[in-house]
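Heads up, the thing below is written out as structure tokens.
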Amino acid sequence: MVIIDLRARMTIVSLVGHCPLTGVALTGESRANRLMVVFVALHRLGCLVPAIASSAHGPYRSPLANLVLLGAAVAWNLALFRVACRRGWFPPPLVYLDVAFAAGLVALVSANLPTGDVSANWGIWAAQAGASLAAAAIGRAVAAVAVVGALVVAETVVTAGWSAGGASAVDLVYAANATACFALAAGFGIRYLRQEGRHLDRVNAQRLVAEAERAADHARYVTRVAHHRALHDTVLTTLTLIARGGVDHRAVPVRQRCARDADYIRGLLADRADARFGTLGEALREVVGGVSLLGLRVRYRSDLTPPDVPPSVVDALRDAAREALNNVVKHAGVDEAWVTVTSESDVLRVTVVDRGRGFDLVAVPPGFGFRNSVVDRVSEVGGRVRVSSEPGAGTCVELAWPR
């Protein structure tokens with residue numbers, strides 16, 4: 001029997017992927033956070049690279065002090081993003097420290113400039129990067145707005161107060177507007193990405209649940225079909241022969257057959273697996289022994305039975321041959337049949353032959369037993385079934401499996 005545990009499948013319904021480095025499952029929100037980490041890193045890289053490139057010829061009072069500030073900024077960002085990459089997001093204490101660090105850079109870089117030239121003040125770019133991180137990483141919107149607003153005010157006041165030449169009002173407004181816009185874009189961006197990530201998580205969860213239900217339905221269908229086939233080939237065949245008077249239910253072999261069928265039903269109720277046979281020859285000999293209890297003498301020849309037939313093929317050919325022999329007992333009107341196994345270079349054949357009454361293949365279509373227990377079983381393992389019969393000339397059922 002095949003049983004699907006839906007609870008086991010439900011343990012993965014919220015997982016949409018795995019981190020390639022750690023193997024930890026990532027939700028859509030985690031993916032959004034990691035994407036924002038990349039965006040923030042690129043933004044900071046875009047701020048620091050021009051500052052480093054212009055440090056040698058910039059209008060600074062002390063180029064050495066400027067290099068020290070740049071080195072401190074690079075070291076801080078390396079430490080910050082190392083933690084972010086390890087944890088998947090920025091810890092709140094480090095975010096507030098980053099805001100304070102950005103405000104300090106604005107003050108120190110502004111103090112190192114002899115004029116109010118805002119374009120040369122890379123501390124403002126650091127403030128913009130700090131504001132975007134604060135807007136994205138501080139969870140509560142009110143707190144994020146307050147921190148970003150404080151940073152914008154500090155940037156404007158410090159730049160205007162420390163610039164000896166006096167920065168123009170337009171430059172100050174431009175710088176403050178850029179800082180606020182970067183923060184606004186980062187704040188709305190991360191919240192939108194997280195919302196979409198949670199939505200994708202829900203969609204994936206629903207899809208996985210639906211797949212689990214479909215798998216469970218299919219497993220139940222496969223189990224039901226397997227039980228129908230098995231009951232038809234064993235218990236129902238025995239009861240049908242007894243009801244028709246074809247066998248004496250008081251005979252010892254028939255009683256043994258009934259006992260085997262009863263044990264088989266108990267196995268189904270207890271969910272015991274069917275007995276496995278190592279080779280096709282062993283499986284077919286078991287079939288011959290079972291059907292002989294119904295009074296059918298089977299001449300079995302398997303000189304060329306290959307030993308390497310897959311277990312699924314062994315089961316299919318065994319059960320199909322059993323049903324073919326059951327049909328001989330029920331319909332052929334003879335007490336003798338032949339089972340032959342031949343193996344060619346590319347095809348394995350199991351042939352069941354009787355010299356009974358036969359039937360017209362056109363007038364008598366295949367019934368449930370033959371269609372489901374013989375044809376479908378062999379087809380499921382890639383084989384085919386061919387039937388030859390004429391009224392009064394017996395029947396030949398050939399089960400062929402391409403090797």
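Just one of the listed residues (ALA183, ALA230) is more than 35 Å from the chain's Cα centre (by Cα) and either hydrophobic (A, V, I, L, M, F, W, C) or exposed (fewer than 14 other Cβ atoms within 10 Å of the Cβ) (or both), and it is ALA183. Scanning segment 350-403 for residues that are charged (D, E, K, R) and in contact with a Cys (Cβ under 9 Å, 6 or more places away or on another chain) yields ASP354, ARG386. Each residue in segment 41-77 was checked for being of a type in the set (A, V, I, L, M), touching a residue at least 24 places away in the same chain (Cβ under 8 Å) and more than 17 Å from SER110 (Cα to Cα), and 2 pass. Among all residues of segment 374-386, there is at least one that is touching a residue at least 24 places away in the same chain (Cβ under 8 Å) and part of a strand (DSSP E or B). Checked against (1) farther than 22 Å from LEU280 by Cβ; (2) buried (at least 16 other Cβ atoms within 10 Å of the Cβ); (3) modelled with pLDDT of 90 or more, ALA332 meets all criteria but (3).
Here segment 289-316 is the region considered, the condition is being among the β-branched types (Val, Ile, Thr), modelled with pLDDT under 90 and not in a helix (DSSP H, G or I), and the residue that is surrounded by the fewest Cβ atoms within 10 Å (Cβ to Cβ) is THR305. Within segment 220-236, residues that are closer than 12 Å to ARG377 by Cα have Cβ atoms under 6 Å from residues that are part of a helix (DSSP H, G or I) in these pairs: ARG229/ASN372; ARG229/SER373, counting only partners at least 6 apart in sequence or on another chain.
Taken over segment 32-76, the residue count meeting the criterion of being touching a Leu at 6+ places or on another chain (Cβ under 7 Å) and within 14 Å of ASP98 (Cα to Cα) is 3.
Scanning segment 133-152 finds no residues that are in the same structural domain as LEU48 (by TED's automatic domain parsing), in a helix (DSSP H, G or I) and modelled with pLDDT under 85.
From ASP319, ASP354, which residue is crowded, with 21+ Cβ neighbours inside 10 Å, under 47 Å from the mean Cα position of the chain (by Cα) and either of a type in the set (Phe, Trp, Tyr) or closer than 14 Å to VAL397 by Cα (or both)?
Values: ASP354 fails: under 47 Å from the mean Cα position of the chain (by Cα).
The conditions single out ASP319.
For segment 237-254, the set of residues classified as part of a helix (DSSP H, G or I), in contact (Cβ under 8 Å) with a residue 40 or more places away in the chain and of a type in the set (A, V, I, L, M, F, W, C) consists of LEU241, VAL254, listed by residue number. Of all residue pairs spaced 6 or more apart or on separate chains, those with beta-carbon atoms under 9 Å, a first member in segment 317-343 that is farther than 22 Å from ALA400 by Cβ and assigned by TED's automatic domain parsing to the domain that holds VAL288 and a second member that is of a type in the set (Ser, Thr, Tyr) and in a strand (DSSP E or B) are HIS331/THR395.
Conditions tested, residue by residue: (1) within 22 Å of PRO307 (Cβ to Cβ); (2) surrounded by fewer than 20 Cβ atoms within 10 Å (Cβ to Cβ).
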{"site": "ASN327", "(1), (2)": "no, no"}
{"site": "VAL341", "(1), (2)": "yes, no"}
{"site": "GLU344", "(1), (2)": "yes, yes"}
{"site": "PRO365", "(1), (2)": "no, yes"}
{"site": "ASN372", "(1), (2)": "no, yes"}
{"site": "ASP376", "(1), (2)": "no, yes"}
{"site": "VAL381", "(1), (2)": "yes, yes"}
{"site": "ARG384", "(1), (2)": "no, yes"}
{"site": "THR395", "(1), (2)": "no, no"}
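If you check ALA107, ALA103, ALA137 for being of a type outside the set (Phe, Trp, Tyr), farther than 15 Å from THR179 by Cα and more than 40 Å from the chain's Cα centre (by Cα), only one passes: ALA107.
Would you check which residues across segment 88-132 are β-branched (Val, Ile, Thr), under 18 Å from VAL170 (Cβ atoms) and either in contact with an Asp or Glu (Cβ under 8 Å, 6 or more places away or on another chain) or not in a loop (DSSP other than H, G, I, E, B) (or both) and list them? If the condition is that a residue be β-branched (Val, Ile, Thr), under 18 Å from VAL170 (Cβ atoms) and either in contact with an Asp or Glu (Cβ under 8 Å, 6 or more places away or on another chain) or not in a loop (DSSP other than H, G, I, E, B) (or both), then VAL118, ILE124 are the ones that fit. Among the candidates ALA226, ALA205, ALA216, ALA210, the residue that is farther than 23 Å from GLY333 by Cβ and in contact with a Leu (Cβ under 8 Å, 6 or more places away or on another chain) is uniquely ALA216.
Scanning for something loosely packed, with under 15 Cβ neighbours inside 10 Å and within 26 Å of HIS57 (Cβ to Cβ), does segment 118-136 turn up at least one residue? Yes, the conditions are met somewhere in segment 118-136.
The values are calculated or read from the model by the stated rules, or taken from the named source; none is laboratory data. None of the values given here were measured: they were computed from a predicted structure. In this analysis, Cβ positions are derived from the backbone assuming ideal geometry, glycine residues included, and neighbour counts consider all displayed protein chains.
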